[in-house]
Each structure stands twice: as C-alpha cells, then as structure tokens.
Amino acid sequence: MLLDPLRRHHAEKHAAPAVLAEHGLILLDGIADSADLWRRARSIATIVSHRDSDPDGVTTITDLGSGYLRSGFVGFTSRALNLHTDGSSAAHPPGLLMTSCRQPATTGGECTLADGKAVYDDLADSEPDALRALGAPRSVLFGGATGHLGAIFTDMADGRVALRLRLDDLAQFSPDVSQWLPVLRAAIDRHTVTFTLKAGEGYILDNRRWLHGRQAFTGQRVLHRVLGNPLPHLAIACGFRPLRKVLPNAAA
C-alpha cells in the first residue's frame, strides 16, 4: 500500500478512526510538541504506560549513547532498528502506536514500515507452508524467560489475525519457525516502505498489523511515542482480515 493516499487525511481528524479501521495506518502533520501528540492520542486511545515512558505515557526516543547498545534498548541509539511490533513480550500488546518527530536527523533516520496484512497475503499465495509454521502456537518466545510464548501470526476470535514480531536476540524461534525466517524476511522486504518525517509530522499505526523501524542516523533525531488501545466507541478493531486464511500447524 502506498503512503501518499493517506496524507490527505492528516487534516481530517474526524476521518482518523475510519482510516485506521481500513488501513491500520494514518499519517499526521502539525504536531506541535509531545503534549500535542498526547492530546491526539487521548482522543483515540486509552494510553498505556511503557517501561521507558514518562508518567503521562509519552516516551522520548533519541540517541542516548553507546551505553544503550544492548538488547531491548537499541532504539535509544543512532543504530538502525529492525522492523518490529511494540510490546511483543507482553501477553496483550498495545493496539495502537502513535509517534511524532520533534527534530529530524542530520542524515539518515528514515522511517520504515511494512504492512503485516500484505506480508501475510503474499505468503499465503507464495509459501503457505511458511504461514503454517509462523502461526503455530507456542513457537516463539518473545522477550526472554519472563516474556510471552506465542506465534508471529495469531488467529483471533473475531476471525482477524494479529502480528507479533521482533528479530533481535530477545526472540527465540522454534526450529520450524527458524527455517522459514529467510522467507519471512524476504516477504517483509517486498512490502517495506521508507519515508522521512519532518518536524511536526508523525503517524498512528495498528501495532498488531504494521511493523515499524528506522534506518541509522547522524545528529540528534528526537521522536515522541505514545502507546494505547483504541477507545471502544470508535470501533477500531486491531489486527487484519487476510484475503485467505492459512491454518497453522498444531502445537508441538
């Protein structure tokens, strides 16, 4: 899916729930500061605190130096950040991720996004056996011993599919899943889009559908992030409905 058709919705705040429900993504503009992002987040979601957030739920993401070059903290360096979903080690990851740029990088720092629905539909056509393995229950340990034992693609009760992924050393994959990771990575690459956020720009995405990451950068790039779950009356169902569902393998 191209990003350009979504840009016209940034000035139509009333359209955001409908756009999120259909595409799982909306682009933002005119975000003055972290407080402005927080206000917009509150209009669409119940805010969920994070390990790294301030008490109000806003996390400031910037390069804090080489001391953060360790598992789970690479986002606070200038290194590239693999495509992932947030909160993968939690039993119930937040449904929405909202971010805005306060200061762009001097060079690099482009955002990367990939639509999990497009990846799933691609694999359903080209490698259904991969999807069966990637959807097998209890096939990935996310976040270490105290994390979540689950799957990359999980069928939900309403017929939708939820995506959960990280590709660093805080994910331990079963042998069946490991053999299909190159295929998964290739499908993700086919559906990855790259773009730059200017100061005041940002996006809201469905964290159970879209992967997000960034390229390496120089300079003092500063972003703000808020996590949350959609307000019930907005009828934003997270995850996605695939064109053709592939049944997972049984649990080992």
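Read-outs: derived from the displayed coordinates by stated rules, not from any lab. Remember, it's a predicted structure, so these values are computed and weren't measured experimentally. No Cβ is skipped: glycine too gets one built from the backbone with ideal geometry, and neighbour counts run over all protein chains shown.
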Next on the checklist: Can you compute the charge dipole magnitude of segment 88-238 about its Cα centre, using +1 on each Lys and Arg Cβ and -1 on each Asp and Glu Cβ, nothing else charged? Give it in debye, rounded to the nearest 20.
Outcome noted: 560
Item to check | Rg followed by Dmax, in Å, when the chain is reduced to its Cα trace | outcome: 17.4, 50
Checklist entry - Could you give the angle, 0 to 90 degrees to the nearest 10, between helix 181-190's Cα long axis and the longest principal axis of the Cα atoms of the chain? => result 40
Item to check | residue 244-residue 33 pseudo-label distance in nm [points 7 Å out on the Cα-to-Cβ vector] | outcome: 5.3
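Please work out the Cα convex hull volume for segment 93-142 and give it in Å³ per residue.
142
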Next on the checklist: How far apart, in nanometres, would the label points at residue 79 and residue 46 be if each is projected 7 angstrom from Cα along the Cα-to-Cβ direction?
Outcome noted: 3.5
Next on the checklist: In Å and on Cα atoms, what radius of gyration and Dmax does segment 9-118 show?
Outcome noted: 14.8, 42
Item to check | With Cα atoms, 0 to 90° folded angle of helix 116-126 axis to the chain main axis | outcome: 30
Checklist entry - How large is the convex hull of the Cα atoms of segment 119-221 per residue, expressed in Å³ as a whole number? => result 145
Checklist entry - So how far apart, in nm, are the two label points at residue 18 and residue 168 if each is 7 Å from Cα heading toward Cβ? => result 3.9
Item to check | For segment 177-237, the fraction of alpha-carbon pairs in successive 5 Å shells from zero, as % | outcome: 3, 10, 18, 19, 16, 16, 11, 5, 0
Item to check | Helix-only [θ]222 nm of the chain, DSSP H runs n ≥ 4, -39500 (n - 2.57) each, per residue, nearest 500 | outcome: -5500 deg cm²/dmol
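For the ranges 231-244, 120-133, what's the packing order if you count other beta-carbon atoms within 10 Å of each residue, average per peptide, and put the highest first?
120-133, 231-244
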